[in-house]
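Colleague: Mind looking over this structure? Questions follow.
The values are calculated or read from the model by the stated rules, or taken from the named source; none is laboratory data. Small disclaimer: the values here were computed from a predicted structure and weren't measured. Methodologically, a virtual Cβ is constructed for each residue, glycine included, from the backbone with ideal geometry; neighbour enumeration extends over all protein chains shown.
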Amino acid sequence: MTQNGIALPAQMRQDMLKKMLEIRAAEERIQGLFLENLVRGTTHLCIGQEACSVGVAAVLQPGDTMTCTYRGHGHALAMGMTMKALMAEMMGKASGACKGKGGSMHMTDASIGLLGANAIVGAQLPIAVGAALTSRLKKTGNITVTFFGEGAANIGAFHESLNLAAIWKLPVLFICENNLYGEYSVWSKTTPVRDIAVRASSYGIPGIVVDGQDAECVYHEVSAMAERARRGEGPALIELKTYRFRGHSRTDQAPYRPKGELEEWLKRDPILILKERMIADGQLDETEFEELRESIDRQVVEVVEWAKTEPYPPVEALYEDIYYEG
Amino acid sequence: MIKLTYRDAVRRALADALRADENVIFFGEDVAEAGGVFKVTPGLYEEFGGERVMDTPISEEAFIGAALGAAITGMRPVAELMFADFVPVAMDQIANQIAKYRYMSGGQFIVPLTIRAAQGAGAGFGTQHSQCVESWLLNIPGIKIVVPGTVKDMYGLLRTAIDDNNPVIVLEHKVLYNYAEEIDEAELTHVPLGKAAVRRVGKDITVVATQLMMHRSLDAAERLAGEGIDCEVIDLRTMIPLDEETILESIAKTGRLVIVEEAPHAGGWGADIAALAADKGIYWLDAPVKRVNMGGALIAYSPPLEDEVVPNVSRIADAIRAVMRA
């Protein structure tokens, strides 16, 4: 795995830690909302993978765009979606990010460049390619990042998108969060190569493997590829090795995991890794960390209580925004 | 007056759209340097350059998805799916992404993209290169479907489609590419979507058709005029939006309805027209509604088989006579 020892400035570390704690707190609360029947259908938690979205989002500049997966609450919050917009959307409320029409799997906020989480595996990759085409044609210097899981690396859209982005030399970063399981199936059972990143060679673009539990490491490696893309040198495939601490979706207790695997990965909790590093560098102590965590938990609870009281969209909204009128 | 073919009209509409708005871009398989497999787009690459007129790899899912990504970030892409039979290859992007992107984001995006595709039998292309596909697409709210049948419509509907802030699929009939009309150039103007055209005014029976079937229906109408049957022929021009008013007004006048489709019977668009007549025009009807189509058959390569499967003038005339006798 690629390692990079350069420490980020204290403020950046603080921001990343805070964002990861917000994502963790939101995800844990969302699980609770299911049990209260306030969140419907299904949802996919990214607990354990927070360093991926936070490390990548920290690289992005105004005007950059992102498409992502249905395990996308972390991506959305990392990009800057407000907790209110997220929680109201989770509950299908009119004040949600998508006016309640999207739900857990479709978090979208065009105003911050979040072009949408997608519920079809791999479908977000071609869309990101198109957004990057706009950047190249309009010469904005912006990039697009697209998140997907290792399961998506076996779908046609992945290969077609890498190929198209490579021949058009587009400023797009293909970011694979390899959390080892595509739904209930372990990676090795569905994929004959050890690293997805090797597939970059088929398209003549860089492919790198990164420790996805280390937010600083993610930031450094993605930064390098982002700068390259901004210079017009084309796309890259970045594989973040990570792990989801929960099951695939709300009812999955993940019985398919070998005994002891989760416990090993819990030792590499992305929040723990950054926290300990900050403590070692004298930027944080246990008391401050606990205060931060508790204050974030309280804020999330407050937002959830607010969202519960928000109105649902009126039924007329069903027929709005199917077409743009005018 | 100039003589213009349906093929010329496509090229001219694209060129005028590219000239009118710098955000319009055009891409597809072999459309740029080669000028398209049907030689519809020669010269565009030379005039507008490789940044705006681009060849793609054979990757329908990727480049149709890229059209979406470009459309939601400020471009106005026109993508060509060489044969309409390839629509299913890109169907996830069309049905799940393009059609729903505005809706499921709560109206955050406009999706100003156009997909052009050549459809239709009669040219000996066999089972997988000859189908008319509008009925496959009809069950997808969020897109518009355009089926031009004349030279002026080909130009005007394509211009309007490209200017529309919604996704529009323009299906061109490949047998009509050589169809020519003498026209005054001033008549080459935008044609609104959702307005059917009465191609022949008559009082005895309403015939609803599009594209090649519309031309054959007009031929059948001429043949029947000699037998004292006065047909009104309606060219739908667009499937979504559908001009119910023109159809109902005609039925109110004639009391009889025949629908001619170049497609299989089950789930065909003609069933929607028949249902419209049953729902809103039943008291005007003096006879059962008849649909003329391909039944349950497939398109075959061999000339007599292909000729047999697609409704011809005799079959259309027979159907009209039968409804007149009923």
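Colleague: Only one of (1) crowded, with 17+ Cβ neighbours inside 10 Å; (2) in a helix (DSSP H, G or I) fails for B:Glu308. Which number is that?
Modeller: If we test B:Glu308 against (1) crowded, with 17+ Cβ neighbours inside 10 Å; (2) in a helix (DSSP H, G or I), just (1) comes out false.
Colleague: Still on this structure: Restricting the range A:95-118 to residues that are assigned to a loop (DSSP other than H, G, I, E, B) and facing another protein chain (nearest Cβ under 8 Å), which is nearest to A:Glu310 (Cα to Cα)? Break it down stepwise before answering.
Modeller: Kept after step one, since they are assigned to a loop (DSSP other than H, G, I, E, B), are these residues of the range A:95-118: A:95-103, A:107-108, A:113.
Filter again for facing another protein chain (nearest Cβ under 8 Å), leaving A:96-102, A:108.
Values: A:Gly96: 9, A:Ala97: 13, A:Cys98: 14, A:Lys99: 11, A:Gly100: 11, A:Lys101: 15, A:Gly102: 16, A:Thr108: 19 Å.
The extreme case among them is A:Gly96.
Colleague: Determine if the range B:33-45 includes at least one residue that is touching a Pro at 6+ places or on another chain (Cβ under 8 Å), in contact (Cβ under 8 Å) with a residue 24 or more places away in the chain and at the interface with another protein chain (Cβ under 7 Å from one of its Cβ atoms).
Modeller: no
Colleague: Checking the structure you have, find out if any residue of the range B:40-61 is under 19 Å from the mean Cα position of the chain (by Cα), among the β-branched types (Val, Ile, Thr) and part of a helix (DSSP H, G or I).
Modeller: no
Colleague: Oh, and also: Working only within the range A:122-139, note down all residues that are in contact (Cβ under 8 Å) with a residue 60 or more places away in the chain and facing another protein chain (nearest Cβ under 7 Å).
Modeller: A:Ile127, A:Ala128, A:Ala131, listed by residue number.
Colleague: For the range B:182-269, please list each of the strands (runs of 3 or more DSSP E) lying entirely inside it that holds at least 3 residues being free of Cβ contacts under 8 Å to residues at least 60 places away in the same chain.
Modeller: Fully inside the range B:182-269 and qualifying: B:197-200, B:231-235.
Colleague: Given the options B:Ala274, B:Ala287, B:Ala300, name the one that is under 24 Å from the mean Cα position of the chain (by Cα), outside the structural domain of B:His129 (by TED's automatic domain parsing), of a type outside the set (S, T, N, Q) and part of a loop (DSSP other than H, G, I, E, B).
Modeller: B:Ala300
Colleague: Report yes if some residue within the range B:133-146 is more than 30 Å from B:Asp92 (Cβ to Cβ) and either of a type in the set (D, E, K, R) or surrounded by 24 or more Cβ atoms within 10 Å (Cβ to Cβ) (or both); otherwise report no.
Modeller: no
Colleague: Mind listing just one residue for me: the one in the range B:4-40 that is touching a Leu at 6+ places or on another chain (Cβ under 9 Å) and of a type in the set (Val, Ile, Thr) and, of those, farthest from A:Ser135 (Cα to Cα)?
Modeller: Across the range B:4-40, the extreme among qualifying residues is B:Thr5.
Colleague: Quickly run through the range A:149-189 and pick out the residues that are β-branched (Val, Ile, Thr) and under 16 Å from the mean Cα position of the chain (by Cα).
Modeller: To start, the set of residues in the range A:149-189 that are β-branched (Val, Ile, Thr) comprises A:155, A:167, A:172, A:175, A:186.
Hits for the range A:149-189 are A:Val172, A:Ile175.
Colleague: Of all residues in the range B:77-97 being surrounded by fewer than 24 Cβ atoms within 10 Å (Cβ to Cβ) and part of a strand (DSSP E or B), which is farthest from the other protein chains (Cβ to nearest Cβ)?
Modeller: Checked the range B:77-97; the qualifying residue farthest from the other protein chains (Cβ to nearest Cβ) is B:Phe83.
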